[in-house]
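Structure, as structure tokens:
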Amino acid sequence: MSLPEIVSRAEWRAARAELLDKENAVTRALDALRAERRRLPMVPVDREYVFEGGDGKATLLDLFQGRQQLVVHHFVFEPEWETGCRCCSAFLDQIGHLAHLHARRTTFAAVSRAPFTRILPFKARMGWTVPWYSSDAGDFGADFGVVSERDGAAEGGELPARPGVSCFLRDGDRVFHTYSAHGRGLEGLGSTTSLLDLTALGRQEPHALGAPATPEHPRYHDEYDD
């Protein structure tokens, strides 16, 4: 494996300044992209979905836990499997303390096709505390692009599952689908800000035009009033 070139401190500073200009350009482009994402139209979710979680049966509206937004991690865990997808597990390992999302009226939850009786022991083994629900091999994943009909049709077999993230917004009791990402779209996700950047309301900071503001600065996670 080749190592970086060895240079003087002055040469390093010059190279770093040149790279910083490019990094700042990417940051500005990402800011513009996030603003465009917040302006995406949304689609009403009129179909009824039934999930099973720690408190029994739940609807999609229940998954919001009373908050305005919902980010769902489509965790690949097939009904016949004993454990979940390793890539999805690595993704879930990166999710931080949920209080920072909750303070911005956003709930995070995982959903899998495996029965809840298989999810529960694996969740305990991994030490995760995020809400996790079973869609009971229903159509929730397929309806939001987690399984690809095109890929399945090509082989003529069962539809393959793939990891993904979907975002939802509610207005009263009405639920809307605002965004989904799959594959490489999940790279770099896991932090509070990265997940909020996928949502219709964004980070909800004063500089994010069009988004209602919540506490500007993070607090210790035990200081929020949910």
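The values are calculated or read from the model by the stated rules, or taken from the named source; none is laboratory data. Here the structure is a predicted model, which means the values were calculated and not measured. In this analysis, Cβ positions are derived from the backbone assuming ideal geometry, glycine residues included, and neighbour counts consider all displayed protein chains.
Of the residues that make up the range 26-46, is at least one touching a helix residue (DSSP H, G or I) at 6+ places or on another chain (Cβ under 7 Å) and touching a residue at least 12 places away in the same chain (Cβ under 8 Å)?
The first filter runs over the range 26-46 and keeps only residues touching a helix residue (DSSP H, G or I) at 6+ places or on another chain (Cβ under 7 Å), leaving 45.
Then keep just the ones that are touching a residue at least 12 places away in the same chain (Cβ under 8 Å); that gives 45.
So far as the range 26-46 goes, yes, one or more of its residues are touching a helix residue (DSSP H, G or I) at 6+ places or on another chain (Cβ under 7 Å) and touching a residue at least 12 places away in the same chain (Cβ under 8 Å).
Please enumerate the residues belonging to the range 38-60 that are over 17 Å from residue 167 (Cα atoms) and in a loop (DSSP other than H, G, I, E, B). Write out each step before concluding.
So in the range 38-60, the residues over 17 Å from residue 167 (Cα atoms) come out as 50, 52-58.
Once the filter is applied, which keeps residues that are over 17 Å from residue 167 (Cα atoms) and in a loop (DSSP other than H, G, I, E, B), the range 38-60 yields 54, 55.
Looking at this structure, is residue 144 at pLDDT 90 or above and not hydroxyl-bearing (Ser, Thr, Tyr)?
no
When restricted to residues that are touching a residue at least 60 places away in the same chain (Cβ under 8 Å) and not in a loop (DSSP other than H, G, I, E, B), the range 67-109 contains 15. Just name the residue that is nearest to the chain's Cα centre (by Cα) out of those in the range 6-18 that are surrounded by 10 or more Cβ atoms within 10 Å (Cβ to Cβ) and hydrophobic (A, V, I, L, M, F, W, C). Per the criteria, the residue is 15. Contact annotation: residue pairs with Cβ atoms under 7 Å, 6 or more positions apart or on different chains, pairing a residue in the range 50-63 that is under 18 Å from residue 106 (Cα atoms) with a partner that is among the hydroxyl-bearing types (Ser, Thr, Tyr) and in a strand (DSSP E or B), are 58/133; 63/107; 63/133.
Evaluating residue 61 against the criteria (1) modelled with pLDDT of 95 or more; (2) closer than 22 Å to residue 189 by Cβ; (3) under 19 Å from the mean Cα position of the chain (by Cα) leaves one unmet condition, (2).
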